[in-house]
1. May I ask you to list pairs of residues, at least six apart or on different chains, whose Cβ atoms are under 6 Å apart, with the first in the stretch 143-172 being at pLDDT 85 or above and the second being among the aromatic types (F, W, Y)?
2. Return yes when Y73 is without any contact (Cβ under 8 Å) to a residue 12 or more places away in the chain, in contact with a Phe, Trp or Tyr (Cβ under 8 Å, 6 or more places away or on another chain) and in a helix (DSSP H, G or I) and no when it is not.
3. Within the set of pairs 6+ apart or on separate chains, which have a first residue in the stretch 112-126 that is of a type in the set (V, I, T), a second that is assigned to a loop (DSSP other than H, G, I, E, B), and C-beta atoms under 6 Å apart?
4. Return a yes/no flag: does the stretch 188-199 have any residue that is under 27 Å from N54 (Cβ atoms) and within 22 Å of the chain's Cα centre (by Cα).
5. Restricting the search to the stretch 76-89, which residues are surrounded by 13 or more Cβ atoms within 10 Å (Cβ to Cβ) and either modelled with pLDDT under 70 or not in a loop (DSSP other than H, G, I, E, B) (or both)?
6. Mind checking whether some residue in the stretch 114-128 is closer than 28 Å to A182 by Cα and surrounded by fewer than 20 Cβ atoms within 10 Å (Cβ to Cβ)?
7. So L208 fits all but one of (1) surrounded by 14 or more Cβ atoms within 10 Å (Cβ to Cβ); (2) at pLDDT 85 or above; (3) out of contact with any Phe, Trp or Tyr (no Cβ under 7 Å at 6 or more places or on another chain); what number is the exception?
8. Does G83 satisfy the criteria of being within 28 Å of M240 (Cα to Cα) and either out of contact with any Pro (no Cβ under 8 Å at 6 or more places or on another chain) or among the small types (G, A, S) (or both)?
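The values are calculated or read from the model by the stated rules, or taken from the named source; none is laboratory data. The structure presented is a predicted model; accordingly, all values stated were derived computationally and were not measured. In this analysis, Cβ positions are derived from the backbone assuming ideal geometry, glycine residues included, and neighbour counts consider all displayed protein chains.
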Amino acid sequence: MSIFWIKMIAAASMLADHAGMILFPDVTWLRIIGRLALPLYALCIAEGFRHTRNRLKYFLRIFSLGAICQIAYVFVSDELYLGILITFSLSIILLFFLDALLCACGGKENPISKMLTKLRKKAPGKGLSVTVSALCLAAALAGVIVLSHFVEIDYELSGILFPVLVYLGGSTRLGKFAGACAATVLLACNIEGSMTPRTWSLLAILPLALYNGQPGKYKLKYFFYIFYPAHLVILYGIDMLITFLR
């Protein structure tokens, strides 16, 4: 199963989830189907970060779309609740510093080492590059933890760290699956031992196992960016129409 079909399943799952949330709040199975979306989209974020040619533009696309949706949400609901695109934007920030640290540990040039080279007028040693990269990652992680503590973020810290765990699995098919499975289990874990909606996230393990690491024949790159705000506008529009006609 290619990344294209992973995205299609994730989009269908998200549509079912939001349809249940907005139009059919009493239909539990729609929300259960919706639990597949986060693990699958988290895989897509990790893969997108790994393969994009320009990571800054990749971040800006996700963050800009998330910010636009966020402004609309705050205007409508008057609540400060950061949606999933902001969650994944924070994931990408952590991925940036994590990748810099991994490159530094491997003795490879990375954005942190390039910055140090400009500041010191000479290439930094491996030890300095690793130390600075690790400190930057720690600072970014601390910032994310503090933010998630004071502001309500979709899927909280677990959602932010999900793509990070997938990325840590490496570039092999088995590694990606192992990272995604570990993150899915942590996401679905409930210390009280009872079933919660997130427990159903474990269903995502099947499509994750079928992922072959290929982009797929079809791209439809911008369709998936447009789909998120578009389906919410349509669902909320239907809900407003139904309310008006009653």
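1. Every condition considered, the pairs that remain are E152/Y81.
2. yes
3. Matching pairs, first to second residue: T117/A123.
4. The answer is no; no qualifying residue exists.
5. Y81, L82, I84, L85, I86, T87, F88, S89, listed by residue number.
6. Looking through the stretch 114-128, none of the residues is closer than 28 Å to A182 by Cα and surrounded by fewer than 20 Cβ atoms within 10 Å (Cβ to Cβ).
7. Of (1) surrounded by 14 or more Cβ atoms within 10 Å (Cβ to Cβ); (2) at pLDDT 85 or above; (3) out of contact with any Phe, Trp or Tyr (no Cβ under 7 Å at 6 or more places or on another chain), only one is false for L208: (3).
8. yes
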